[in-house]
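Okay, structure first, notes after.
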Amino acid sequence: MLREECKALLDALNKVTACYRHLVLTIGGTSDSQNLREELKKTRQKAQELAVANRNKLTSTLKDKSLSKEDKAEFERLWVIFSTCMDILETDMRRALELGQEYPLNIPRRHLIQTGMSGGTSGVAARAMSVQNMKYDAEHNIDVMDLKDLENEINQVDEMMYEMEMKVNVPQWSVEAKQNPGAELKNSVTAGASSPGAVSVEEHKTACDLSKLLAGLVFSSVLIVAIILAVCVVKLS
């Protein structure tokens with residue numbers, strides 16, 4: 001039960017973090033607006049709330065001395081995934097800060113980035129945070145105010161990551177993966193081959209071999225006919 005709860009929390013954090021990255025990529029583009037800055041703020045705050053919940057749950061669990069060897073290995077794997085997710089979140093927060101400083105809403109200093117994206121982004125944020133109708137009450141200078149908050153929140157995330165490493169010592173290289181390298185790619189190939197109308201790798205290889213054999217037979221036949229004709233011409237002459 002505890003393992004499933006931790007996995008659910010981590011899945012929610014991954015979902016919101018991915019949403020935040022998607023929104024960050026639109027800063028300074030044709031979809032940029034006060035609504036986007038508000039979406040960024042709310043999504044970022046949601047990600048940090050989930051990060052704190054994940055940290056507390058995993059920290060208390062990994063400190064439990066009664067954990068079995070199998071459970072400990074599984075929670076350490078979840079901890080590594082959580083740490084990686086936090087690294088990604090911090091990177092995107094820093095990117096959002098840089099882009100926000102380069103592309104302020106009130107006093108544009110640069111042309112918008114032609115990302116090819118247009119329209120609202122509230123649908124993405126709403127799905128990530130399980131909110132059907134997102135309403136915004138952003139201030140006119142939200143980008144200026146939010147950048148100051150963002151700087152403070154980046155420092156808070158840095159401190160949280162440092163505390164995580166101090167409280168739970170789980171080196172990433174010490175955690176074994178549950179799948180072999182490239183297993184996801186192999187599964188994808190297998191899944192594609194099992195779908196209706198799809199051709200497997202082995203079938204494709206067999207078809208290629210048959211084509212080569214047929215081409216070889218045709219070439220040999222043509223060569224034999226040419227030799228026979230040449231002999232006939234020599235005798236007749």
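Numbers for the structure displayed
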quantity	calculated
Residue that is surrounded by the most Cβ atoms within 10 Å (Cβ to Cβ), among those in the stretch 67-84 that are in a helix (DSSP H, G or I) and of a type in the set (A, V, I, L, M)	L78
Pair list, Cβ under 7 Å, 6 or more apart: the stretch 85-108 residue farther than 17 Å from N54 by Cβ and in a loop (DSSP other than H, G, I, E, B), other residue of a type in the set (A, V, I, L, M) and modelled with pLDDT of 85 or more	Y103/I27
Test: A8 is surrounded by 14 or more Cβ atoms within 10 Å (Cβ to Cβ) and either over 21 Å from N152 (Cβ atoms) or without any contact (Cβ under 8 Å) to a residue 60 or more places away in the chain (or both)	no
Yes/no for K72 being of a type in the set (D, E, K, R) and closer than 13 Å to R3 by Cβ	yes
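The values are calculated or read from the model by the stated rules, or taken from the named source; none is laboratory data. Predicted, not measured: the structure shown is a model, and the values here were computed from it. Using ideal geometry, Cβ is built from the backbone for each residue, glycine included, and neighbour counts are taken over all protein chains shown.
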